[in-house]
Amino acid sequence: MVEMTKKTIENDLQKFLNVHKAASFLTVSVTTIRRWAQEGKISGIKVGIRGDWRFTKKDLLKMIKKNNEL
């Protein structure tokens with residue numbers, strides 16, 4: 001049971017992108033990603049003691065779609 005939980009957590013974590021991967025995905029700078037996250041323009045979560053941002057591709061795509069509708 002514990003092994004399944006570890007695998008589930010590892011699989012879930014792989015679904016998240018850090019700021020560098022999110023920046024590459026959106027072809028913007030890391031600074032822009034952090035700013036957008038702090039301003040609430042991108043949905044994300046903070047993890048760990050340092051509060052590192054993590055994002056899903058789904059949320060990044062939502063942001064792109066929202067901006068294209070303007």
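The values are calculated or read from the model by the stated rules, or taken from the named source; none is laboratory data. Every value quoted in this text rests on a predicted model; they were computed, and no experiment measured them. Side chains included, ligands, DNA and RNA excluded: accessible areas come from the protein's heavy atoms. Shrake-Rupley method; radii C 1.70, N 1.55, O 1.52, S 1.80 Å.
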Counting only residues that are within 12 Å of the chain's Cα centre (by Cα) and of a type in the set (Asp, Glu), which one in segment 51-70 is farthest from THR27 (Cα to Cα)?
ASP52
Of residues in segment 3-45 being among the basic types (Lys, Arg) and modelled with pLDDT under 95, the one farthest from ILE64 (Cα to Cα)
LYS6
Would you tally the residues in segment 45-62 being aliphatic (A, V, I, L, M) and open to solvent by less than 40 Å² (accessible area, probe 1.4 Å)?
1
